[in-house]
Amino acid sequence: MAATEEETHMPTSSTKFLDVLVAERMSRTANGAVTAYLLVAIDDTDHTKAALVAAANANCHGVAEADAADGKEFAMVTGGRFAVRAGDTIAKGDKLVSDANGKAVPRGNAAGTTYNVIGEALTAAAADELVTVDWAPQEVAGTAEDVVTKTQADSPVALTAADHGKTFTNKGATDTVEFDLPAAPAEGICLRFVALAAQAIRLDPGASDGIYINGAKQTDGLYVDFDAVNEYLEIVANEDGDWIPVAKSGTFTVET
């Protein structure tokens with residue numbers, strides 16, 4: 001099952017030139033039926049077998065060159081430049097990952113997510129067309145921050161540990177927007193709040209949690225307000241389950 005490198009002729013899509021590519025191959029036994037141009041992964045325990053990828057953002061080891069029934073040997077392309085079936089619209093230059101159907105889709109950029117990139121798109125493609133991929137597997141960390149806008153219509157907004165890393169604004173609000181902070185938060189949970197409307201953003205901690213602001217820890221369970229445009233507060237939970245500011249600008253009012 002040695003890998004080989006050679007020039008291969010592959011069919012063109014209706015709009016893309018894909019007929020001459022350079023690729024490396026190895027043969028494996030199909031663990032379940034495989035389909036040409038879909039992503040495959042080698043079995044974790046039996047390395048002589050490979051199966052279609054059936055999870056989004058999965059670790060992928062190559063692409064099936066042709067259809068094969070379960071138990072049949074097939075060639076999987078494992079390096080170079082070759083065609084993969086697109087699962088969504090792809091632009092030239094997109095970094096690609098798998099979808100849950102073994103197709104290639106553009107990676108996301110969510111903060112805290114590691115993307116199992118298979119390579120870069122050398123051509124554009126619509127969903128279900130073939131896209132030419134420069135195969136270069138790597139892990140890429142997402143860097144974009146999730147920005148969430150809430151108004152008084154959403155208030156009170158119940159936050160959870162799953163909101164870690166998000167930035168919340170009150171853009172468009174015409175009244176106070178209350179955010180109920182996660183109770184007894186795990187150390188390290190970080191939340192950001194930015195006033196984009198001249199209305200109060202109210203941060204209400206759990207009954208046994210306090211917010212450090214204005215130079216001291218405030219009484220457990222008391223909220224903090226700020227309401228001028230462009231004021232902001234970034235808080236992180238400490239080992240005691242209280243909230244400490246790591247970045248702030250503005251005037252902050254504590255519940256009395």
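Amide H to amide H distances under 5 Å link Gly102 with Ala55, where only residues 5 or more positions off or on other chains count and H is placed in the peptide plane.
Rounded, prolate or oblate, given the Cα gyration tensor of the stretch 147-254, with a/c below 1.5 counting as rounded? Here the stretch 147-254 falls in the prolate category. Each Cα pair under 8 Å and six or more residues apart adds its sequence gap; the mean of these over the residue count of the stretch 147-254 is a relative contact order of 24 percent. Compute log10 of I(q)/I(0) for the stretch 4-141 with the Debye formula, placing one identical point scatterer on every Cα and leaving out solvent, at q = 0.08, 0.18 Å⁻¹, to two decimals. With no solvent term, the Cα-only Debye profile gives -0.18, -0.94. Number of Lys-Lys pairs in the chain with C-alpha atoms under 13 Å apart and a separation of 8 or more places or on different chains: 4.
Peptides 129-136, 161-168 ranked from most to least packed give 129-136, 161-168, packing being the mean of other C-beta atoms within 10 angstrom over each peptide's residues.
The candidate values are (1) 74, 36, 35; (2) 74, 40, 27; (3) 63, 40, 29; the one derived from this structure for Cα extents along the principal axes in Å carries the label (2).
Only the coordinates and a few stated rules stand behind these numbers; no lab work does. Just so it is clear, the structure is predicted and the values come from calculations on it, not from any experiment. Glycine also receives a Cβ, built like all others from the backbone with ideal geometry; neighbour counts cover every protein chain displayed.
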